[in-house]
Amino acid sequence: MRDYDAIVIGGGHAGIEASLSLAREGFDTLLITQSLDAIGRMSCNPSIGGLAKGNLVREIDALGGEMGHLIDRTMIQMRILNRRRGPAVQAPRAQADKFSYSRLAKETLEKEHHLFLFMDTVVDFIVEQGRIAGVVTERGWKISSRTAVLTTGTFMNGKIFIGEYEAPCGRLGESAAAGLGDRLREKGFRVGRMKTGTPARVRKSSLDFSEMELQEGDDPMEPFSFETEHVDRPSLPCYVTYTTEETHRIIRSNISRSPLYGGKIVGRGPRYCPSIEDKVVRFPDRERHQIFVEPEGEGTEEMYLNGLSSSLPEDVQHSFIHSVPGLRHAEIMRPAYAVEYDYLNPLDLFPSLESKLIGGLFIAGQTNGTSGYEEAAAQGVMAGINAAQLLKGEKPLILSRTEAYIGVLIDDLVTKGTEEPYRMFTSRAEHRLSLRHDTADQRLTPKGFAAGLASPERMERLRKKSAEIESVKMLLRSARAGSKSAYDVLKEPEADIFSLHIDGLDSYSASVLREVELDIKYSGYLLRQEREIEKAKRLDNMEIPADFDYDSIDGISSESREKFKAVRPVSIGQARRISGVRVSDIAVLSVAVRSRERG
Amino acid sequence: MAHYATDEPVYALATPYSPSALAVIRASGEGVLSIFQPYFTGRITDAPSGKAVHGYVKDECGERIDEVMTVVYRKGHGYTSEEAFEIMCHGSLPVIRSLSALLERAGIREAERGEFTYRAFMHGRMDLTEAEAVEEIVKARTERAGSDALSRLTGSIYREAEAIKDSVLNILASLEVQLDYGEDEIPEEWVFPHEEVRAIITRLRSIAATFASSRLYSEGASVVIAGRTNAGKSSLFNALLKENRAIVSSEEGTTRDYIETEAVIRGIPVRLFDTAGFRETDGSIELEGIRRTEELMEKADLIIYVSDPSSGDDPHPDDDSRTLTVSSKRDITGRDAPLSFSSVTGEGLDEVIDAIAERLSRGTEAPEGVPRIDSLRQKEKLEETAEALESAELSSFAGFDIIAMYLQSALSSLGELTGEITGDDILDRLFSSFCLGK
């Protein structure tokens, strides 16, 4: 008899999704967190979504996850990015009231019938015959379970740096989780160090907005969740300002006091989100760098200085912040800092996110070397779904690269690993034209429903939407616009469905019409990709047995053999994506696998 | 090769690539019968498995290429167990080349070594052992490595291809950065770099064009000997053959209007035709013969017009770039005509042969300062790249995402030429060239 079906370690964005997925499927789940007040906290920028990331949020939602609901009810500004740069790469982004977001997340967990919350720190795993059997906590509890999901974020051996100051924290003022990383090292996990950083928070009333540019959100605000009809939230502005020559001079003359440049930080930081000192050093020709001043919530004076993340000492931070127009008298409420933490090499995971080292243990979020709330939540929902699949004795749900950004994210992690905090980019997806955010429900809700997470109401909503899309397409095929059908007219890049005057169209919602228009515009290009997608699918369907012996095959290069053994791909498709593996070795491998199948 | 995927339409010559009475070209993959049907006069799409269908293979313009038998294999039958067919055609090299080119244009690619065996194995042909299948693949790999080493991009062409790849990568990175970051972070509007892309396309096309000269040596040319009856055509034909120890076969033209043979002239493989003479006649058979000769001359790379100065009223055709006039019977007339030769004494023959070789290679010299390529694969990849860039340019009014898709495919064609390129390369370029991140 076990205490719980599942234990989720960590209450961040991955932990929230993982625990909700399990509990909603009816499994008794315990969420253990170091602080019940820190559930769903936004440690860095107070915003959700963005390019590729917004797609992730909509995919999480389509599967039956929570992130879309949370942001829809707590947003304080919303924009669709890149409207003019091509529909396939547009995505929603919203500023969140970070306090409401966190509170709503906790409320949502508390409402869940099968979900239990407990404040403690996990220091070790109980493993029986290679499978997870429970956890040991700092206060000495031994709690048993059949599965576990590990989502420690930046807390495993976390260490923050502000110039010469350093402290064992996962976030400023919150102590790190010590010990677990070392226990995992002993158990054979490949543990590495990564680094990330966050900028200072300044007091709104001390800023001079007349020196900044105003940045308003979209009106009306559009929801992330396919279940949200409309968003009824206040829209607060953000502001834009720029660094000056003086800012750069101050940073350059103090660069030796940065723990990054002084060599104290060994973890690799993200290139796509560099600290201000990195930007100044690497791009000396840039006259100025953009800074976004963003509200952290409705009931707070704290403003987030997006673009000024730093690990320089606080006195240097004061000087360079005060050299920026609009911030000359800024009162710093929290300093910028860098954080370095343990991550586990994701090559030790199956595509289900289950550990190859301990059966029944799933790992999600920043622990796997990613960065970002959305990337964490996406892994959380998949880890939760797959832990539930395991408990039910069913096959894991693996999303392919061709059907979801989530598929790209997880496949990249478990096939290529990562050297820096991994962030989702649209350019990581080979077939991004078919991964539009507005089609996430069509792509994924049936899968989420089949797995038992997405509700019947969601499926009904999708059925209705699909039927509407079909009727609009029929209407367009039969309506004439000049010498062509309206359908064909829409294939032209400049044609716009809202300027077509066709009877009956106005009874459909704008989102349905826009989706139809994009479907039609992209149909030719999508056809181009279809064959490749089909080919990829077939290779992904050729499974490699888990205990396949790579040493037993002749005719394979030793380099490829080592790579196969390090990754242990689950399919020929995955094997092919390992970087640096020869095509002919894949052919030999598939022959060997097929011949073993036949006995 | 793409990746030993099964069911993708492929073809291969199943018999040796050398002139013979009969050749067999085999094609396999999903939908190959319907892909080939438009080019074949016999019905194959609804023929039962194992049936041999007689008919003509025609090209896109309806021109007959050859009279053949096509054996049909439905899925589950035949060597690979895939939908397949086998063309039994005449074993002349031009026929094999035309048929291969036609299949290629129809969307059936040439199979890699071992690919048919591989497919047969993967589709459960139990009479093949695993060892056999693996051996073929491994052998193909070593052979390929050998031929790759020969055709590997070297020196200037490699540097050139790398430079082009670099430019395309820069263009793509400057576009991708706009797709991966919002307009508030990267406010600059991206503008399609027409001039730069045009220059790249022109460069790619001119490198691809250098292949024409090497193709002359690998694929050969067709040369027709024409002239009035008794002008000495057959004597020249025989003299050229005598010079040649590389004659493989000699066969009679199907309508007895011409004799055809393979020869090598100064290293250039040549299909040589000796035609029926021009004669004023109104006999319908003769007229038909003349019509065929004219057709042959139409298609020839070079026409050697043999004139007989001793007959007096010999009409000279226009000496255009495709026609070379030579004078026969030098032993009788003396050497007052240019390029005069005697098939009896052998005098002047060397000069005639030099002139033929010179004419054939005219126009295939590579332009100054353009690196040369010597493989069809390289040429195809260069052209694919150019075409993808052209498509990108044509879609410059569509979304950035569409342009990016074409630039991506240009890059992957170049990548296949110089070595793999992955998505990570683009991100690397992006992070190193742009100051990013809030």
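A few points about this structure:
- Separation in nanometres of the label points that stand 7 Å from Cα toward Cβ, at residue A:543 and residue A:242: 5.8
- Nearest-10 value in Å² for the accessible area of residue A:567, using the 1.4 Å probe: 10
- Förster-model FRET efficiency, 45 Å R0, residue B:333 and residue A:528, C-beta, rounded to 0.05: 0.10
- Label zone at residue A:3, where the point sits 7 Å out along the Cα-to-Cβ direction: segment A:176-191 residues whose backbone N lies under 18 Å: A:180
- Fraction in percent of alpha-carbon pairs per bin - 10 Å, the protein assembly as shown: 2, 9, 16, 19, 18, 13, 9, 6, 5, 3, 1, 0
- For residue A:142, a cut-off of 19 angstrom between C-alpha atoms picks up these lysines, skipping any fewer than 8 places away in its own chain: A:187.
- Gain on full extension, evaluated as 0.36 nm per residue between residue A:232 and residue A:215 minus their Cα-Cα distance, stands at 4.1 nm.
- Shape of segment A:118-254, Cα gyration tensor, a/c cut at 1.5: oblate
- DSSP beta bridge pairing in the protein assembly as shown, given as percent antiparallel to the nearest 5: 70
- Most to least accessible of A:169, B:61 (protein chains only, probe 1.4 Å): B:61, A:169
- Tensor-based shape of segment A:312-357 (alpha-carbon gyration tensor, a/c under 1.5 rounded, otherwise prolate or oblate): prolate
- In this structure, residue A:131 and residue A:500 have a Cβ-Cβ separation that, at R0 = 51 Å, corresponds to a calculated FRET efficiency of about 0.30.
- Counting charges near residue A:478 (Lys, Arg +1; Asp, Glu -1) among other residues having Cβ under 15 Å from its Cβ returns a value of +1.
- Segment A:148-188-segment A:255-270 distance, computed between alpha-carbon centres (Å): 18
- Pairs beyond 20 Å (Cα-Cα), from A:159/A:264; A:535/B:379; B:165/B:379; A:416/A:565; A:473/A:521: A:535/B:379
- With all protein chains kept in place, the per residue accessible area of segment A:336-409 amounts to 18 square angstrom at a probe of 1.4 angstrom.
- The alpha carbon gyration tensor of segment B:10-112 gives principal lengths a ≥ b ≥ c with a/c below 1.5, which makes the shape rounded.
- Per the accessible-area calculation with a 1.4 Å probe, the total area buried between chain A and chain B rounds to 4900 Å².
- Simple spin-label estimate for residue A:165 and residue A:357 in nanometres, 7 Å along Cα-Cβ: 3.4
- With both residues required to sit in segment B:1-117, DSSP beta bridges show an antiparallel share near 90%.
- Electrostatic bookkeeping for residue A:247 treats Lys and Arg as +1 and Asp and Glu as -1; over the other residues with beta carbon under 12 Å from its beta carbon, the sum is +2.
- Label point at residue A:450 placed 7 Å out along Cα→Cβ; residues across segment A:378-417 whose backbone nitrogen lies under 16 Å: A:385-386, A:389-390, A:394-404, A:407
- Nearest-0.05 FRET efficiency for residue B:34 and residue B:64, computed from C-beta distance (R0 22 Å): 0.55
- Karplus-derived HN-Hα couplings along segment B:290-305 (A = 6.51, B = -1.76, C = 1.60, θ = phi - 60°), whole Hz, x at Gly and Pro: 5, 4, 5, 4, 4, 4, 4, 5, 4, 8, 5, 7, 8, 10, 9, 8
- Chain A: antiparallel DSSP beta bridges as a percent of all, rounded to 5: 70
- Viscosity 0.890 mPa s, 25 °C: Kirkwood-radius Stokes-Einstein D of chain A over Cα pairs, µm²/s: 96
The values are calculated or read from the model by the stated rules, or taken from the named source; none is laboratory data. Not measured: the values here are computed from a predicted model. Cβ: placed from backbone, ideal geometry, glycine included. Neighbour counts: every protein chain shown. With ligands, DNA and RNA removed, areas are computed over all heavy atoms of the protein, side chains included. Shrake-Rupley method; radii C 1.70, N 1.55, O 1.52, S 1.80 Å.
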